[in-house]
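Trainee: One structure, pasted below without further comment.
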Amino acid sequence: MNIQSKLTHPVFKTISECAREMGISAYVTGGWVRDILLNRPCKDIDIVAIGSGIALAEKVAKTLGNNYHVHVYKNFGTAQFNYDDYTIEFVGARKESYRAHSRKPIVENGTLEDDQNRRDFTINALAISLNKTDYGNLLDPFNGVQDMEKKIIKTPLNPDITYSDDPLRMMRAIRFATQLNYTIETGSLASITKNKERINIISTERITDELNKILSAPKPSVGLKLLFDTGLLHYFFPELVKLQGVEIRNGKGHKDNFYHTLEVVDNICKTTDNLWLRWAALLHDIAKPPTKRFEPDHGWTFHGHEDRGSQMVPKIFAHLKLPLNEKMKYVQKLVLLHLRPIVLAKSEVTDSAIRRLLFDAGDDIDDLMKLCQADVTSKNEYKVQKYMKNFELVTQKLKDIEEKDRIRNWQPPISGEDIMKIFNIPAGRKVGILKNAIREAILDGVIKNDYNEAYQFMLEKAKEIQLEKN
């Protein structure tokens, strides 16, 4: 099959000409070929040279002009540079052999066939010739195009060898199945289950990178279910695994919190691309197993799971090598607050409760509302409609109170420093009492969010604790 029409970018002609002058062969391979056939955008172009990939990269960059700096990675035998919006990487064709304790291969120079043999999946083992004699010819030794048509993820060689050699490929198989909405071929899926323990030799950073790509897909539950069913999830995310299962006592059961969580994650993906909001959805019920209790009169309860869950977030982020910065604090905050709007939606909504929610959520209130709406997974349509109607009421109240009282990201009109100056006292318990009293009075609607009202209120409260203004 000749697909010269797909090679529209002028850089391919330049690479072809440079390779011809050097007397070597060159091919476009991997993800770019796969994505161009699937009509997906791809800005990473991989070039395989039957010879020195580094030398070819340097010659191509020089031919294109002096503005292109070639980054050479001698240890890996690769070189790359940026051209327009593309990253072009060059490597010499190679064959690889592996040792049991490592995913780092012993690399030798090889043929195009050797290079295609070492690819992870048939859909990534495609190559397009850039050589004058057969320019644009598609080389598909493992029927990758056919697997694309069947929507199948399959390894070129024996899956036991492919996955045992480089266990990260197990995560990649699940990630591609999730992103492309493909099925993992039966033998390949069985091999992942068989080789799951090999994931232990992969760095946490690489595993989490694939997990983030799964979470960024349109429907992450596809990948999360596969990770659970193959047993891979148990090795790097045991807290999530513990959510699975239903316990029945005295005829009373609870929902399966693992599958509920996957539903919530899928729901949130319909409204946001924000990875960290998706993480909040994934972790919102993470503390249900340790807080689960059976009360004969009420059945199963999970009291305080939002509190305990927010405490678990830093440890989970640290274990998975996720950022321990504002992103982690954002997830922690949403996990802590995720029940608040739901409680409001169930009952008569007071202005005071709305003010407190605005004060605690700040700029994240809109994301919190998205999370809470995604958390409604009941199969009872009447129940869902009732919740959604109440959410609309809460949302409108949030807007009204915010316009009236300006509580979002609000700082009380009188600070601790102001109190110390007014009463000429050092920092201490009495300053805290007055500061908290002012804040609570405004949140409860006793006084307005106004300096003069807060000042008068403060003077009255000060008398109660025997504090006089100088």
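The values are calculated or read from the model by the stated rules, or taken from the named source; none is laboratory data. No experiment lies behind these values; they were computed from the predicted model shown. In this analysis, Cβ positions are derived from the backbone assuming ideal geometry, glycine residues included, and neighbour counts consider all displayed protein chains. Just the protein is used for accessible areas: all its heavy atoms, side chains included, with ligands, DNA and RNA removed. Shrake-Rupley method; radii C 1.70, N 1.55, O 1.52, S 1.80 Å.
Trainee: Would you give the gap between the C-alpha center of segment 107-166 and the C-alpha center of segment 335-358, rounded to a whole Å?
Mentor: Cα centroid of segment 107-166 versus Cα centroid of segment 335-358: 55 Å apart.
Trainee: Which whole-number percent is the relative contact order of the chain (Cα, under 8 Å, 6+ apart)? Don't jump to the answer; show the numbers that get you there.
Mentor: Values: 710 pairs, mean separation 38.0, N = 470.
Computed over the chain, the figure is 8 percent.
Trainee: Starting from the Cα gyration tensor of segment 326-391, take the square roots of the eigenvalues, sort them a ≥ b ≥ c, and report rounded, prolate or oblate (rounded when a/c is under 1.5, otherwise prolate if a/b is larger than b/c, else oblate).
Mentor: oblate
Trainee: Which percent of the accessible area of segment 1-65 is formed by carbon and sulfur heavy atoms (probe 1.4 angstrom)? Don't jump to the answer; show the numbers that get you there.
Mentor: Details: 1470 of 2970 Å².
C and S atoms contribute 49 percent here.
Trainee: Here's something else I'd like to know. At a 1.4 Å probe, what is the % contribution of carbon and sulfur to the accessible area of segment 218-337?
Mentor: Working: 2820 of 5440 Å².
For segment 218-337, the apolar C and S fraction of the accessible surface comes to 52 percent.
Trainee: Once you order the gyration tensor axes a ≥ b ≥ c over the Cα atoms, which shape class does segment 185-275 get: rounded for a/c under 1.5, otherwise prolate or oblate by comparing a/b with b/c? Intermediate values should be presented prior to the final figure.
Mentor: Working: a/c = 1.91, a/b = 1.22, b/c = 1.57.
Verdict is oblate for segment 185-275.
Trainee: Suppose only helical runs count, i.e. DSSP H with n ≥ 4. What mean residue ellipticity at 222 nm does that imply for the chain under -39500 (n - 2.57) per run, divided by all residues and rounded to the nearest 500 deg cm²/dmol?
Mentor: On the way: 24 runs with 247 residues, N = 470.
The helix contribution divided over the chain gives -15500 deg cm²/dmol.
Trainee: While we're here: So how exposed is residue 1, as accessible area in Å² (1.4 Å probe, rounded to 10)?
Mentor: 130
Trainee: Report, to the nearest 10°, how far helix 186-195 tilts away from the longest principal axis of the Cα atoms in the chain, using its own Cα long axis and a range of 0 to 90°.
Mentor: Between helix and principal axis, roughly 70 degrees.
Trainee: Now, a different point. Report, ordered by chain and residue number, the lysines lying within cross-link reach of residue 150, taken as a straight Cα distance under 26 Å and ignoring same-chain residues fewer than 8 apart.
Mentor: Residue 150 reaches 6, 43, 194, 196, 213, 219, 225.
Trainee: Full extension from residue 326 to residue 63: what is 0.36 nm times the residue separation minus their Cα-Cα distance, to one decimal in nm?
Mentor: Numbers: separation 263, 0.36 × 263 = 94.68 nm, distance 4.48 nm.
Additional length available on full extension: 90.2 nm.
Trainee: Let me ask you something else. Give 329/435; 270/333; 430/461; 288/389 a once-over and call out the pairs whose C-alpha atoms are over 18 Å from each other. Walk me through the numbers before you get to the answer.
Mentor: Details: 329/435 25 Å; 270/333 22 Å; 430/461 10 Å; 288/389 27 Å.
With Cα atoms farther than 18 Å apart: 329/435; 270/333; 288/389.
Trainee: Right, something else. May I ask for the distance between the Cα centers of segment 371-401 and segment 259-331, given as a whole number of Å?
Mentor: 20
Trainee: Cross-link candidates for residue 59: which lysines have Cα within less than 17 Å, leaving aside residues fewer than 8 places away along the same chain?
Mentor: The qualifying lysines are 13, 74.
Trainee: Efficiency by 1/(1 + (r/R0)^6): what FRET value for residue 392 and residue 225, r their Cβ-Cβ distance, R0 = 35 Å, to the nearest 0.05?
Mentor: According to the calculation, E is roughly 0.65.
Trainee: Along Cα→Cβ, 7 Å out, is where each label goes; now give me the distance between the ones at residue 3 and residue 235 in nm to one decimal.
Mentor: Once both label points are built, they end up 3.2 nm from each other.
Trainee: Is the chain best put as rounded, prolate or oblate by its Cα gyration tensor, with a ≥ b ≥ c the root eigenvalues, rounded for a/c under 1.5, and otherwise prolate when a/b is larger than b/c, oblate when not?
Mentor: Working: a/c = 2.78, a/b = 1.95, b/c = 1.42.
Since a/c reaches 1.5 and a/b is larger than b/c, the shape of the chain is classed as prolate.
Trainee: So how much slack lies between residue 255 and residue 420, counting 0.36 nm per residue of separation and subtracting their Cα-Cα distance, in nm? Write down the numbers at each step before the final one.
Mentor: Working: separation 165, 0.36 × 165 = 59.40 nm, distance 5.27 nm.
Value of the extension gain: 54.1 nm.
Trainee: Say each of residue 319 and residue 348 gets a label point 7 Å from the Cα, pointing the same way as Cα to Cβ; how far apart are those two points in nm?
Mentor: Each label point lies 7 Å from its Cα, and together they span 4.4 nm.
Trainee: For residue 460, what accessible area in Å² do you get when you roll a 1.4 Å probe over the heavy atoms of the protein chains, rounding to the nearest 10?
Mentor: Per-residue accessible area (residue 460): approximately 110 Å².
Trainee: Within segment 111-133, which residues have the backbone N less than 14 Å from the label spot 7 Å out from residue 86 along Cα→beta-carbon, could you tell me?
Mentor: 128-131
Trainee: Let me ask something additional. Could you provide, to the nearest whole Å², the per residue accessible area of segment 170-238 with probe 1.4 Å? Provide the component values of the computation, followed by the final result.
Mentor: Numbers: 2690 Å² over 69 residues.
Solvent-accessible surface per residue comes out at 39 Å².
Trainee: In straight Cα distance, which aspartates and glutamates are under 16 Å from residue 321, not counting same-chain residues fewer than 8 positions off?
Mentor: By straight Cα distance, residue 321 reaches 205, 209, 210, 239.
Trainee: Go through 172, 340 and list them by solvent-accessible area, largest first, probe radius 1.4 Å. Each step should come with its number before you reach the end.
Mentor: Details: 172 60, 340 80 Å².
Result of the area sort, largest leading: 340, 172.
Trainee: How much length is gained if the chain between residue 377 and residue 307 is pulled fully straight, taking 0.36 nm per residue apart and subtracting their Cα-Cα distance, in nm to one decimal?
Mentor: Values: separation 70, 0.36 × 70 = 25.20 nm, distance 2.16 nm.
Full extension of this stretch gives 23.0 nm more.
Trainee: If you count only protein heavy atoms and use a 1.4 Å probe, how large is the accessible surface of residue 255, to the nearest 10 Å²?
Mentor: Around 110 Å² of this residue is reachable by solvent.
Trainee: Under a crude label model (7 Å from the Cα following the beta-carbon direction), how far is residue 38 from residue 135 in nanometres?
Mentor: Each label point lies 7 Å from its Cα, and together they span 2.9 nm.
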